[in-house]
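Here the structure is laid out as structure tokens; the discussion comes afterwards.
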Amino acid sequence: MSALTAARPQEPAIPSPAPARMTFILLAPGLLLLFGIFVLPLLGLGLESLRQYVPGRVGSAIDAPLTLENYRELATASFAGVLYETFKLSAAASLVGLLAAFPLAYCIVRRFSPRQRAACIGLLVMLVLLSMLVRTYALELAFGSVGIARPLLLALGISPTSRGYIEVLVGAGLLHAVMPICTLTLLGTIQNIDPRLCDAAQSLGAPAWKAHLGITVPLALPGLVSAFLIAMTFAISAFVIPMVLGKGRVLFLSNTIYTRFSDVANYPSGAAVSIAMLVISLVVLSLASLAHRRKGARS
Amino acid sequence: MNGTMKRLSDRILGGAMVAMLGLVLAFLVTPLLVTCLLAFDSRSFLGPLPPPALSLRWFEKLASLDYVATGLATSLKIAVLATAIDVLVGTTAAVALDRGDFRGRGLLMAAFLSPLIVPAVVIGLALLLFLSRIGVVDGFTRLLCGHVVITLPYVVRTVLASLAGRDRRLTEAALVLGATEREAFWTITLPLIRSGMVTGAVFAFAVSLDDVAVSMFLTDPSTYTLPVALVSSMRASFDLSIAAAAVLLMAVTAVLIIVLERFVGFDRLLGQGLFRS
């Protein structure tokens, strides 16, 4: 259930004056801020993505003619490769993250003592608050090409500089980021499942795995789907993780945008990639809210 | 299925579960422990664990790096300022959104939370283009704008959640007993939503202090944040003074966690709407 709508005790019937003018005055600073440094820049970005780019310039000219050229470039194989890489690693990390987060969340809610529960939730919140950069660097230090695990990797015959391993490393970075978020999201889902259903199945003779597979998992399915999509939206817009762990060998959409800005100053093209990325995020997110609404309808 | 088989399968499942949880926790924590250990390593190269002797040499080196001091100062200034703006503007907006059902309320709420769903890189590029078109080229102003945009939703969301979760009858009681609306707000509502404000502020501060994706676009040669400086040096060389910086940032997080636990408590934190699906 959404925390915004869940716990609203009976609405007061008092004739609260709530003059609309006051509400508007309170909203004004926020709206001004939102419009000035968020909505307008995004509209400007949309416009920039339609401007013609002359190589060698920094950005487009103010009166550059409008064109769809920048978007045509998105149909090339190299862009498709980046898109595929982004989605492949994001989906893999989100899926593994979900598989690991579900039992963890289940144990936190149903198995752990209050003290263990507090410790676990504390750890997870700490991980969420902990700098992404620190976590990425820590992974690089532990598993990176010159990291602590290097002798072990070489002994296993894995080259730490091979593209395959770097992909795994970026995936691990995403997983490290996504797992705590998934677990914390799933806590509520599992809390809402009646534990007696599972107990009943087991007392009627079902082994635990069958009871969970038949009862807990299906009941948690909508929550699982939305946790997966939340993880996906996070992963596909990740920037630091592929930049630090990918070392230029593995590029995400976000890194492409940055390169268009820093290396070639082709802002119109960067803007077009940005708009494409924005659309992709919105699609994944609307799937998430769809899953959420279906969950709401069922419970 | 007979009883012994069932018990056996239950035990296998239980064992597999414990093993998996151990693996998960190890994956989450080990890299951080390795970083902490290596930050105190006395060797000048990256050698196998454990370090033969501990020292503070990397912290000393970190302290001697000019770009770290500059970056840290900028980062802290931006994070504090952005958080202050967020709490002021975000709380006001959330209180307004909570006042009764007016038309377009849902839309406005979505609008205030929408910076969360736009990828940070997109916000960074958009702001850079926009601000340079209108003539803002000062790095500090640009960074502040970017950080306010990406952190404001946290405060709006947590304050909205605590407004929704509060007992409205307390305000009614105050009004019935003769308080004006203004008095009721300052003495009843504001203390009730304080935990939401603290949670929002802590998250806003942490996000601001960590941001790379937006800041990379908005820095100028003399104004950059600590994470941007660290990322550049991370790509340039492999130096354990970054591990020392990581330890310091972990300490900052620990302080934030203590603040959260003290003022909010982890149990209530989950009700603040940050981890809802």
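The values are calculated or read from the model by the stated rules, or taken from the named source; none is laboratory data. These figures come from a predicted structure and were not determined experimentally. Please note: Cβ atoms are built from the backbone with ideal geometry, for glycine as well, and neighbour counts cover all protein chains shown. Ligands, DNA and RNA are stripped out before the accessible areas are found, and what is left, the full protein with its side chains, is counted by its heavy atoms. Shrake-Rupley method; radii C 1.70, N 1.55, O 1.52, S 1.80 Å.
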Failed condition for A:I166, given (1) at pLDDT 85 or above; (2) hydrophobic (A, V, I, L, M, F, W, C); (3) open to solvent by 10 Å² or more (accessible area, probe 1.4 Å), with all others met?
(3)
Looking at segment A:93-130 only, could you name the residues that are more than 10 Å from chain B (Cβ to nearest Cβ) and of a type in the set (D, E, K, R)?
A:R110, A:R115
Name every residue in segment B:233-265 that is within 16 Å of A:L141 (Cα to Cα), open to solvent by 10 Å² or more (accessible area, probe 1.4 Å), assigned to a helix (DSSP H, G or I) and not hydrophobic (A, V, I, L, M, F, W, C), in order of residue number.
B:S233, B:R235
Any idea which residue in segment A:1-11 is modelled with the lowest pLDDT, counting only those that are open to solvent by less than 40 Å² (accessible area, probe 1.4 Å) and not in a helix (DSSP H, G or I)?
A:S2
Go through B:T189, B:T199, B:T223 for me and flag whichever is in contact with a Leu (Cβ under 9 Å, 6 or more places away or on another chain), within 11 Å of chain A (Cβ to nearest Cβ), touching a residue at least 24 places away in the same chain (Cβ under 8 Å) and not aliphatic (A, V, I, L, M).
B:T199
Among the residues listed as A:M232, A:M277, the single one being part of a helix (DSSP H, G or I) and either surrounded by fewer than 20 Cβ atoms within 10 Å (Cβ to Cβ) or more than 10 Å from chain B (Cβ to nearest Cβ) (or both)
A:M232
Residue satisfying all of: in segment B:38-75; without any contact (Cβ under 8 Å) to a residue 24 or more places away in the chain and part of a helix (DSSP H, G or I); surrounded by the most Cβ atoms within 10 Å (Cβ to Cβ) among these:
B:R57
Given the condition aliphatic (A, V, I, L, M) and touching a residue at least 60 places away in the same chain (Cβ under 8 Å), answer yes or no: does some residue in segment A:156-166 qualify?
yes
When only residues in segment B:109-126 that are within 7 Å of chain A (Cβ to nearest Cβ) and either open to solvent by 40 Å² or more (accessible area, probe 1.4 Å) or more than 21 Å from the chain's Cα centre (by Cα) (or both) count, which is nearest to B:A161 (Cα to Cα)?
B:I117
Which members of segment A:47-98 meet the condition of being of a type in the set (D, E) and within 25 Å of the chain's Cα centre (by Cα)?
A:E85
Just for segment A:199-218: of the residues that are open to solvent by less than 40 Å² (accessible area, probe 1.4 Å) and closer than 18 Å to B:I12 by Cα, which one is farthest from the chain's Cα centre (by Cα)?
A:G205
Only one of B:T171, B:T180, B:T189 that is open to solvent by 40 Å² or more (accessible area, probe 1.4 Å), over 24 Å from B:G71 (Cα atoms), hydroxyl-bearing (S, T, Y) and over 21 Å from the mean Cα position of the chain (by Cα):
B:T180
